[in-house]
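Read the structure below first, then the notes.
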Amino acid sequence: MANGFLSTDSLVPYGNQMVPNTVTTAPRLKPKDNSNLGMMLYALGGALRGDKNFVENTMQLQQMQEGKKREKQMKENYQEFLKTIDPDSPFYDLAKSIGYEGLPQLLLERYKTEQPKQIDPSKAMKQEELNVLNKLKQFDGNVEKLSSYEKIIYDNFIKRDDSQSILEQLGLIPGKQINTNLIIEKIEG
């Protein structure tokens, strides 16, 4: 239709007249899964033939078909998994050598390696203390040049007269006594 008029391309002869060419298309329907119907027909055929084990044979056939579907799905999932791995990594070589049968183990191993490792709080605090001491070394021991966070670490852990750790002071681990004389400041920034 051009400018409200029918073009001659869209007209077809019908009898003695030219009529618009209208084509109506029905929406496409998705094919239904007829596997259950096929199983029923297979079982019925076995029963009509007089097969005594037609139920067992039908169940075996159904299990075989489901196994093939699962295997096909696992192969597709395995190929998708391989696409997510760097081909130059040793994990890729391991995945290729294990094959699609080992996909659950491969996924578990990748999950384990991607999990963050738990940090021991005392080691984390020692690392913070070391960082502050290194900063002090850079600033020739001038505490005023430290950031407010670094000053809190310095006051609470390095400068303390007693050797009680913050975990002991808070009562999280057993210690000599609970000392609540922590220097706490608001950290801005």
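Since every read-out is calculated from the coordinates, none of them should be taken as a lab result. The structure presented is a predicted model; accordingly, all values stated were derived computationally and were not measured. Heads up, the Cβs are rebuilt from the backbone with ideal geometry, glycines too, and the neighbour counts pull from every protein chain shown.
For residue 11, the residues whose amide H sits under 5 Å from its own are 21, ignoring neighbours fewer than 5 places away on the same chain, with H placed 1.01 Å from N.
Over all projection directions, the Cα-based convex hull of the range 35-114 averages an area of 6.9 nm². Annotation: peptides 152-159, 15-22, 141-148, 39-46, ranked by per-residue average of other Cβ atoms within 10 Å with the highest first, follow the order 152-159, 39-46, 141-148, 15-22.
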